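Below: one structure, written as structure tokens.
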Amino acid sequence: MSMMHASGVKDAMTATAVPPTASLMRWVIAATLPGIATMSYFFGLGVISNVLLAAAFGIALEAAVLRLRKRPIRVTLNDSSALLTGVLLGTSLPPASPWWLVGVGMIAAIVVAKQLYGGLGHNPFNPAMVGYALLLVSFPTYMTLWAPPQEMLPNDLWAQITGTLPTAQLDSLSGATPLDAFKHKGDAVLASEFWAANPLPNGTLTAWRWVALAWLVGGVVLLAKRIISWHIPIAMLGSLVLLDTLFYLSDPSHFASPLFHLLTGATLFGAFFIATDPVSAATSQRGKLIYGAGIGALVIIIRTFGGYPDAVAFAVLLMNLCVPLLDIYSVPRPTGQQKASPGKPGEQP
Amino acid sequence: MSNAFDFPGGIYPPERKQRSNQSALIEAPLPRRVTLPLQQHSGQPAKPCVAQGNAVKVGSVIAKREGMVSSALHASISGTVSEVSTTQISIEGDGQDEWLRLPPLVWQNVEPHALLERLNESGIVGLGGAGFPTHIKARVVEQHTIHTLVINAAECEPYITADDLTLRHYANEVLEGAQIIAKLCGAQHIVIGIEDNKPEAIDALKQALTNSQPVPVELAVIATRYPSGGERQLIKKLLDLNVPSGGLPADVGVLCHNPGTLLAILHAVRDGQPLVSRVVTLTGEAITQPGNRWVRLGTSVRELLEQAGLNTPELHQVIQGGPMMGTPLLTLDTPVTKLTNCLIAATLEELPPPPAESPCIRCGECESVCPVALLPQQLHWYARAQDDAKLERYHLFDCIECGACSYVCPSHIPLVVDYREAKSRLRLQRIETAKAEHAKHRFEFRQARLAREEAEKQARKQARQAQQRRPSNTAATNSEKVDLRGLRIAHAAAKASVKKAEKTLARVAQEDPKQSLDDLEMQLATAQENLKAAELQLAQAREQQSNEESP
Amino acid sequence: MNSTIDIIGILSAVAVLTGLGIGFGALLGLVSERFKREDNPLVEQIDALLPQTQCGQCGYPGCRPYAEAINQGDALNKCPPGGEATIHALADLLGRDPEPLDGEAQSEAKVAFIREAECIGCTKCIQACPVDAIIGAAKLMHTVIEDECTGCDLCLDPCPVDCIDMLPRSAPLTQWQPVVAHSSNMIASDRQPASGVS
């Protein structure tokens, strides 16, 4: 028996099986297109230029680090993961962000968060969110000002190239996102006063809702193609809605409605495109459910009680931190193992 | 009821069974020369009992069973033995095909031990792939009660059609073989598990089931899904029983047999024909006449494939077994053995080499197809990092190496190769650890023996001194007096450890009578030696003390 | 007027802290007495990592005494049969820095073999063997039980006729280890340029 387990059964039939990693990545990129298109419809060409710039930075930085690490460049770039990171970070930034802002974010994402940990598959944190969080805490002025819908001028693209702020964004309230505005509420104290004052420029809320729905479309495509599993998005959205419903019902005058949280900010984008990054997420199905639920809860908690208007990036990064623990305590019981299996967590030193 | 249960995971690879299941089962031409490896089964290799130049007939025993788990080997053609080496026996054929059969038995009338003996001397092993000697498997009733015999006709791997064709041609015989095993192991129930992609075999079975069957037989047609032919998976699916990890189907009262094995059992019992040939599926795009053949064991693979119209320039690789779990042959000059159920002569387009491996992105696809509900992505991680404690925790040894995870991996990681490597490394480590532990116990035993001998020597010396009544060493006795309490404690501790060792030995012997008790017995002996030494020392000290008090 | 309050405050703080000290001290003492172990678990753990060849190359009569010596602070690097792997495992267990092996590492597992024709039956090797793996009697030929031999070399020196060889231990085919070379993507491999990595 087993006379020749030579260099191995090179799983003879796999060549025709499942789309390879690179095409998984490309599917995710393709699924971002409705979201990017909707965003650029409302916020102007600055969205597209962001994405293109970040993607270019991503590829250039990945190639540079691979060269330093003496790794094959072309084969690795072909997996499109750096491109995907660029697209995800690019869509998260305010339109027509200065080029150096994009560059710093991508350095944090690709060089620090990804390649320094060993490249694709080895990064404990979501690279795009590391870049985003770094920019958010380092350059808050640049990161919280979104041009009001359809006020973006083509010449603002010039501001991106020279590295300055578009003039239209200097007025703080007109450039606020709905979440930002709700957080600070202008002169209002209660939620009801806030809504009555109607401080947002015309169409802002609608614009963000359309964008959120566009991300939902992309997410549904990914689910339908089985590129992502349902566990993380459903758990995240479920816990988000559940927790906020509790808050909202307890005191509607202070807390925003679940629908508001669901359809503004990066909730749906995060649920389908950020939290589902398999590399930095929990790995077992039970772990994924806990991981997603944790993100949803953290999003609401930080948005409601924290200092930042949106929280998807921090929530994802915090749950990334919990992944090793989740992985230890969510090992499924293999068929045939008794309940008190020798591999039960805690029994090993 | 049979489809109510399910095992987790599973995949649906292309079946590619049409290529070999279109033509009827025929006899392959008689080979002129056969090479029979001494180990065609699990356990110990057989021991040759012929010499070069001996004349043999078909069915002559050429190698005998060696040790408990082993199996006899028979000449598969008539002729002369041309070579006997430490690993194989070659026979040069005379083309006569003269048979040497054992006397036929009527299984309904003979004693179970006669049936067992027949299985033993016929060299029958499990023909599904593991090659476990059938007579050992049948003796499982000595320790377990068997209620159900499962006929594993699922044949879930792509390409292979050997069981399918066997059932089409020999449905009655296979069922009769099942009745023999059911009688032997006392099963009250027989279940045939077969995938729904073999309609003709199912029809043949239905036909055969109209005949009367002493033990009731149920035909369970299950949906086609890989790996439903895995023993544990099939038992879960048919009977909703979980075979415990590290255990056997017999632990849940089930015995599992492959149709080919049952046919061989019937041939051995009814016709007295030992295991000298088997059904082999010849398939793949690189041969022009695919199909199933009765092949004499020891026939060269090259000869067999060439007779089936091998297109050598097109040939990329030959896989023995199925494409999921089989092994690529390094050379075609290798014989067909009792375990060769399928030979795939594949072209490059048919089974291309997998694309280059890329890093694991932990997508979890492998987890969702794993039929044992393991976490293949974590196992991969820890196998590469050689983190052995984690591998055990993630239940590496529950992996059945079915290859479903490798099949779906989008990064084309050869996961099963990693697991096999890690398993063999861990197995070796266990052996080494056990050896070190054993050496330690032997060392401790020796230390204890030396201590006892030393104490005896002291006692003798003291006795001599006491006889001569030489009141010289009062200075030494002073220090001995102080030690008396310490010695008493040591004596009590030694007594306790003897008791403890006795208890452990008794408990282990009761729990698992099969386990080797050498090590524990030695530990007990060590404790006893220590006790003797302590007793001697104590007695000696007491005597000294009394000597001191008396004068 | 505040001074009295201050003194009371100071005294009460001292009293509370003293009380806590005594309380926890008593608790610790109680626990250490209640859960006292007679064996030294660390020595057991160290002993478990040693290869149990009982060869004495460390300068101690067997593995257990060396384990006790390590626990007392002796160097970790005195075990040639264990090699680098044992040193690293010990360093891991004890939180010490691994040191390079003192002496030459053993390349492979060995067993002693007595050339029986030359044996004069002096029993010296039998007395030297730490695991009783040599059998024989005075003036009769001796032989080594291969399965029990740890390959410690201790029988070589006492033999007056030099009839003992150290041969490589034969391993059955079932213990054969596959050699699989992985293309590693780990950062540790970055020190060497990866060749042919895909």
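The values are calculated or read from the model by the stated rules, or taken from the named source; none is laboratory data. Keep in mind the model is a prediction, meaning the values are calculated, not measured. Here the Cβ is made from the backbone with ideal geometry for all residues, glycine too, and neighbour counts use every protein chain on show.
Summary of computed values
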quantity	calculated
Within the range A:229-264, tally of residues that are crowded, with 24+ Cβ neighbours inside 10 Å and part of a loop (DSSP other than H, G, I, E, B)	1
Condition check for B:A346: under 29 Å from B:R19 (Cβ atoms) and within 10 Å of chain A (Cβ to nearest Cβ)	yes
Test: residue in the range A:29-52 that is under 19 Å from the mean Cα position of the chain (by Cα), at negative phi and within 14 Å of chain B (Cβ to nearest Cβ)	no
Filtered residues of the range C:36-59 (kept if part of a loop (DSSP other than H, G, I, E, B) and free of Cβ contacts under 8 Å to residues at least 12 places away in the same chain)	C:K36, C:R37, C:E38, C:D39
Search result, residues across the range A:54-73 that are crowded, with 21+ Cβ neighbours inside 10 Å and not aliphatic (A, V, I, L, M)	A:F57, A:G58, A:E62
Any hit, the range B:227-245, residues being among the hydroxyl-bearing types (S, T, Y), within 20 Å of B:H169 (Cβ to Cβ), assigned by TED's automatic domain parsing to the domain that holds B:A171 and crowded, with 24+ Cβ neighbours inside 10 Å	no
Some residue of the range C:80-90 being facing another protein chain (nearest Cβ under 10 Å), small (G, A, S) and in contact (Cβ under 8 Å) with a residue 40 or more places away in the chain	no
Where B:I181 falls short, out of the listed (1) in a loop (DSSP other than H, G, I, E, B); (2) crowded, with 20+ Cβ neighbours inside 10 Å; (3) in contact with a His (Cβ under 9 Å, 6 or more places away or on another chain)	(1)
Residue list for the range B:110-138, filter: charged (D, E, K, R), more than 27 Å from B:C342 (Cβ to Cβ) and either in contact (Cβ under 8 Å) with a residue 12 or more places away in the chain or not in a loop (DSSP other than H, G, I, E, B) (or both)	B:E117, B:R118, B:E121
Failed condition for B:R278, given (1) of a type outside the set (S, T, N, Q); (2) under 27 Å from B:V417 (Cα atoms); (3) in contact (Cβ under 8 Å) with a residue 60 or more places away in the chain	(2)
Count of the range B:229-287 residues which are within 19 Å of B:E157 (Cβ to Cβ), away from chain A (no Cβ under 14 Å) and among the charged types (D, E, K, R)	1
Residue satisfying all of: in the range C:80-116; under 15 Å from C:L167 (Cα atoms) and among the small types (G, A, S); surrounded by the most Cβ atoms within 10 Å (Cβ to Cβ) among these	C:A112
Of all residues in the range A:266-281 being within 9 Å of another protein chain (Cβ to nearest Cβ) and not charged (D, E, K, R), the one that is surrounded by the fewest Cβ atoms within 10 Å (Cβ to Cβ)	A:P278
Hey, B:P249 touching a helix residue (DSSP H, G or I) at 6+ places or on another chain (Cβ under 9 Å) and not small (G, A, S) or not	yes
Of residues in the range A:100-119 being under 17 Å from the mean Cα position of the chain (by Cα) and buried (at least 24 other Cβ atoms within 10 Å of the Cβ), the one nearest to A:G163 (Cα to Cα)	A:V102
Residue ID - nearest to B:E231 (Cα to Cα), chosen from residues in the range B:386-397 that are touching a residue at least 40 places away in the same chain (Cβ under 8 Å) and surrounded by fewer than 20 Cβ atoms within 10 Å (Cβ to Cβ)	B:F397
Answer from B:G128, B:G95 - the residue that is of a type outside the set (A, V, I, L, M, F, W, C) and surrounded by fewer than 18 Cβ atoms within 10 Å (Cβ to Cβ)	B:G95
Residue in the range B:315-325 that is in a helix (DSSP H, G or I) and either of a type outside the set (A, V, I, L, M) or buried (at least 18 other Cβ atoms within 10 Å of the Cβ) (or both) present	no
Enumerated strands (runs of 3 or more DSSP E) restricted to the range B:22-109, each holding at least 2 residues that are over 30 Å from B:A308 (Cα atoms)	B:61-64
Residue in the range C:60-69 that is surrounded by the most Cβ atoms within 10 Å (Cβ to Cβ), counting only those that are more than 10 Å from chain B (Cβ to nearest Cβ) and touching a residue at least 24 places away in the same chain (Cβ under 8 Å)	C:A67
Unmet criterion (only one of (1) surrounded by fewer than 18 Cβ atoms within 10 Å (Cβ to Cβ); (2) part of a helix (DSSP H, G or I); (3) modelled with pLDDT under 90) for A:T76	(1)
Criterion violated by B:A455 - all others in (1) over 15 Å from B:L375 (Cβ atoms); (2) within 9 Å of another protein chain (Cβ to nearest Cβ); (3) touching a residue at least 60 places away in the same chain (Cβ under 8 Å) satisfied	(2)
Candidate set: the range A:89-128, residues that are outside any loop (DSSP other than H, G, I, E, B) and within 14 Å of chain B (Cβ to nearest Cβ); chosen: the one nearest to A:S280 (Cα to Cα)	A:P127
Residue within the range B:299-313 that is farther than 30 Å from B:T148 by Cβ and in the same structural domain as B:I202 (by TED's automatic domain parsing) present	no
